[in-house]
Amino acid sequence: MNRGTITPEFTIGFGNNIFQYCFSRLLSEKNGLHLVTQGISELEIEKTMPSIVDASLPTYRITDANAMDAMNSRLPPGHYKVFGYFEDYRFYENHIDTIRNWFPKTIKTNKNELILHLRLQNRLVQISHHKNHVHADCYKRTIEKFNCDKLHIVTDAKKWDFYNHDDIQEIRDEIARGPNPASNSPWVSMDRSLEYINHLISDLQEFNPIIHCNQADTITGSGGLRGDFMKDFNLIRSFDNVMLFNSTFSWWAALLGGASKVGTFGPWKPNKGSNSKNLGKATFPGWFSWGSVDDLYWRDL
């Protein structure tokens, strides 16, 4: 019996697309619906089209607002259009092994060292992101909880060295030219951008970290990805100890990689208040939350 289709609408953002795909596929398999998707080629998810479309079936819309009801219900036959981000760890907590089996495996090559993912570029210059920055002292306390032999930092930053005004202006210019320009997100002052990134670099230097700036070639905008981003994604997946801030990119890398110990920033994006997602509170085996709003670097933005 043709019960219908479910079609996710992908947005900008690799991590966003994984959420949209996984949410839709879980509903597809639970309800016997044909999944129609443009695919995620970087993860070997192929584009799919329905073989037969029953035009007599009604069309429904699933958004973040009714996502939990949809996940907890038996959906009637129909064509479901899925629009949203579905960034709620509860959708996935009972399906982790199933989801991991949908994607290519990565060999775990590093079990005794820690990798910290820091997405920085646009977040250094836009006020909306700058409000979420955490003091280096909080990073340092959390890094020490892992009790690992060595710290690796993987970042989209163009470099891991002290920044100057020209560096910040270059970031602004690149974002302004990208496909997701920052027209609705004012710049933070250059002095504040410089103060934050330089204090972070200075304070974390005591760990003598190994730095991976693998995305330093090409910028695609404030919501896009840079350079060989899959190199970063698979690098994170190869570690058994992962620490991340509020990036869906590294959230999924940690989950799909099956890291034994994962630390996520608990408040996630505190600048959004009650609209912040619960991804930093995930209760998956081996996962823990770190930090609080008291650890924010800027309290007056």
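The values are calculated or read from the model by the stated rules, or taken from the named source; none is laboratory data. Keep in mind that what you see is a predicted model, and the values were worked out from it rather than measured. Cβ coordinates were reconstructed from backbone atoms using ideal geometry, including for glycine residues, and neighbour counts include every protein chain displayed.
Looking at region 69-87, is at least one residue in contact (Cβ under 8 Å) with a residue 12 or more places away in the chain, among the basic types (Lys, Arg) and surrounded by 14 or more Cβ atoms within 10 Å (Cβ to Cβ)? Looking through region 69-87, at least one residue is in contact (Cβ under 8 Å) with a residue 12 or more places away in the chain, among the basic types (Lys, Arg) and surrounded by 14 or more Cβ atoms within 10 Å (Cβ to Cβ). Checking the structure you have, find out if any residue of region 54-61 is among the acidic types (Asp, Glu) and assigned to a helix (DSSP H, G or I). Within region 54-61, none of the residues are among the acidic types (Asp, Glu) and assigned to a helix (DSSP H, G or I). Among the residues making up region 62-93, those that are more than 23 Å from GLN38 (Cα to Cα) and assigned to a loop (DSSP other than H, G, I, E, B) are ASN72, SER73, ARG74, PRO76, GLU93. Of all residues in region 188-207, exactly one satisfies the criterion of being surrounded by fewer than 19 Cβ atoms within 10 Å (Cβ to Cβ) and outside any helix (DSSP H, G or I), namely SER189.
When you check ARG141 against the structure, is it outside any strand (DSSP E or B) and under 20 Å from PHE288 (Cβ atoms), yes or no? Step through it out loud before you land on a result.
Details: outside any strand (DSSP E or B): yes; under 20 Å from PHE288 (Cβ atoms): yes.
Considered against the rule, which asks whether it is outside any strand (DSSP E or B) and under 20 Å from PHE288 (Cβ atoms), ARG141 comes out as yes.
Under the condition of being outside any helix (DSSP H, G or I), more than 19 Å from GLY84 (Cβ to Cβ) and touching a Lys or Arg at 6+ places or on another chain (Cβ under 8 Å), the residues counted in region 266-286 number 2. Return yes when ALA259 is farther than 17 Å from HIS130 by Cα, touching a residue at least 12 places away in the same chain (Cβ under 8 Å), buried (at least 20 other Cβ atoms within 10 Å of the Cβ) and within 14 Å of the chain's Cα centre (by Cα) and no when it is not. Against the criterion (farther than 17 Å from HIS130 by Cα, touching a residue at least 12 places away in the same chain (Cβ under 8 Å), buried (at least 20 other Cβ atoms within 10 Å of the Cβ) and within 14 Å of the chain's Cα centre (by Cα)), ALA259 does not qualify. So for region 97-120 (the condition being modelled with pLDDT under 95 and either under 26 Å from ILE175 (Cα atoms) or in a helix (DSSP H, G or I) (or both)), does at least one residue qualify? Among the residues of region 97-120, at least one is modelled with pLDDT under 95 and either under 26 Å from ILE175 (Cα atoms) or in a helix (DSSP H, G or I) (or both), which makes the answer yes.
The conditions of being within 13 Å of VAL154 (Cα to Cα) and modelled with pLDDT of 95 or more are met by PHE249.
For region 255-301: of the residues being of a type in the set (Gly, Ala, Ser) and in contact with a Ser or Thr (Cβ under 8 Å, 6 or more places away or on another chain), which is farthest from PHE91 (Cα to Cα)?
At the first step, the residues of region 255-301 found to be of a type in the set (Gly, Ala, Ser) are 257-260, 263, 266, 273-274, 276, 280, 282, 286, 289, 291-292.
Narrowing the set further to residues that are in contact with a Ser or Thr (Cβ under 8 Å, 6 or more places away or on another chain) leaves 257, 263, 266, 280, 282, 286, 289, 291.
Numbers: GLY257: 18, GLY263: 19, GLY266: 18, GLY280: 14, ALA282: 11, GLY286: 18, SER289: 18, GLY291: 24 Å.
Among those residues, the one meeting the criterion is GLY291.
Sub-7 Å Cβ pairs linking a first residue in region 100-127 that is without any contact (Cβ under 8 Å) to a residue 60 or more places away in the chain to a second residue that is surrounded by 16 or more Cβ atoms within 10 Å (Cβ to Cβ) and not in a loop (DSSP other than H, G, I, E, B), at least 6 apart or interchain, are ARG123/HIS129; ARG123/HIS130, ordered by first then second residue.
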